[in-house]
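A quick write-up on the structure given underneath.
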Amino acid sequence: METVLSGIRSTGNLHLGNYFGALKNFVQMQHSERCFFFIADYHSLTTHPDPSILHGNVKNVLSEYLAAGLDPDVATIYVQSDVPEVTELSLLLSMHAYVGELERTASFKDKIRKQADNVNIGLLGYPVLMASDILQHRATRVPIGKDQEQHLELTRRFARRFNQFYQVEYFPECQAYTFGGELVKIPGLDGSGKMGKSEGNGIYLSDSDAAIRKKVMRAVTDSGPVAPDSPMPEVIANLFTLLKVVSTPDTVEHFTTLWNRCEIRYGDLKKQLAEDIIGVIAPIRERIESIAGDEAYLSRVVKQGAEKARASASQTVADVRRIMGIKPF
Ligand code: TYM
């Protein structure tokens, strides 16, 4: 049996990128593998969120997880800060993580551009904490979107380095996981880049049908193909990427053929896309509200999750301490 772990930062509502990049794959595995899913609230502190909204964000993400099909009776669902063992593991692993390699990660470079006045140690050490999330359960499969690939590569590097340095076979090498075989990057609706929480270009699991239709109809397009079989510009390819994840193969083929014949009408494509997105989101959204209102249930879920996660993490921390030579008197 594989150990699977996936997580998400608690910085806002879940969008389609989170769903197709990580959550959906995880939901499909939860019944057959040993599964952990957590909310990365420590990681979200790197951007200094308002303390009065942090807990609400964790609660939103938790409710959305559950509404999307995570089953707390089979998977371990927990909040990162409820398992403080991860911070000790992160400290221990940081002794073998080098400043140069952390400074070179794409996410760090991106953040120092975006928040030049807040380049804190938490940002630099972000990949070490993420590796600790994974390694504390000795996970072997990690459902993620394409944007997290480099962090996973670092996790493997830290694991290998630890094993080699202490001459042990302790940490396994984890692999990114997706059912389609290839990691996905769900594009935003603004024509460039990925769908992201802070970019304002997303469709959220909590969006109403009307909001989804409005957002999709406004998505950026061009003036249409100029010649049969002409190369597809990025803005249009992005719409097709979305279509491929939410629609049937027949629908994708239908619009691809129209594109190749220069007969496509973007209005029709967008209408179909909006309805198929609604088909995915509406049943999830309908569950979010009733779950979010049930405080007792949510608190039971995270308590039970924290207990299971701590049992797994504390074993790892005890082993790592021993391997590194920290022994009780
Ligand atoms: P986060 O919170 O940005 O995103 C959570 C998950 O959603 C995926 N994702 C996407 N996938 C495809 N297309 C997109 N546009 C898109 N946007 C987001 C992400 O790849 C991710 O799988 N560092 C992580 C959180 C984390 C974590 C971990 C994940 C902390 N520790 C350990 C896995 C394992 C992050 O910021 O994800």
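The values are calculated or read from the model by the stated rules, or taken from the named source; none is laboratory data. Model, not experiment: these values are computed from the prediction. Counting neighbours? That spans all protein chains shown, and the Cβs are built from the backbone with ideal geometry, glycine included. Keep in mind that these areas ignore ligands, DNA and RNA; they rest on the heavy atoms of the full protein, side chains included. Shrake-Rupley method; radii C 1.70, N 1.55, O 1.52, S 1.80 Å.
General remarks:
- So residue 42, is it of a type in the set (Phe, Trp, Tyr) and farther than 21 Å from residue 313 by Cα: no
- Flag if residue 105 is of a type in the set (S, T, N, Q) and open to solvent by 20 Å² or more (accessible area, probe 1.4 Å): no
- Whether a residue is among the charged types (D, E, K, R), open to solvent by 80 Å² or more (accessible area, probe 1.4 Å) and outside the structural domain of residue 285 (by TED's automatic domain parsing) was assessed, and residue 199 passes this test.
- Residue match in region 215-223 (condition: outside any loop (DSSP other than H, G, I, E, B) and open to solvent by less than 30 Å² (accessible area, probe 1.4 Å)): yes
- Residues in region 128-146 that are under 14 Å from the mean Cα position of the chain (by Cα) and more than 15 Å from residue 39 (Cα to Cα): 141, 145, 146.
- So residue 257, is it in a helix (DSSP H, G or I), open to solvent by 40 Å² or more (accessible area, probe 1.4 Å) and at pLDDT below 95: yes
- Each residue in region 162-185 was checked for being aromatic (Phe, Trp, Tyr), away from the ligand (no atom under 13 Å from the Cβ) and not in a loop (DSSP other than H, G, I, E, B), and 3 pass.
- Residue count for region 284-329, restricted to those that are within 17 Å of residue 131 (Cα to Cα) and in contact (Cβ under 8 Å) with a residue 60 or more places away in the chain: 10
- Test: residue in region 119-126 that is away from the ligand (no atom under 14 Å from the Cβ), surrounded by fewer than 17 Cβ atoms within 10 Å (Cβ to Cβ) and on the phi > 0 side of the Ramachandran plot: no
- For region 22-60, the set of residues classified as of a type in the set (A, V, I, L, M), within 11 Å of the ligand (Cβ to nearest atom) and at pLDDT 95 or above consists of 39, 40, listed by residue number.
- When the residues of region 1-11 are filtered to those that are open to solvent by less than 30 Å² (accessible area, probe 1.4 Å) and either within 6 Å of the ligand (Cβ to nearest atom) or over 11 Å from residue 62 (Cα atoms) (or both), the one that is nearest to the chain's Cα centre (by Cα) is 8.
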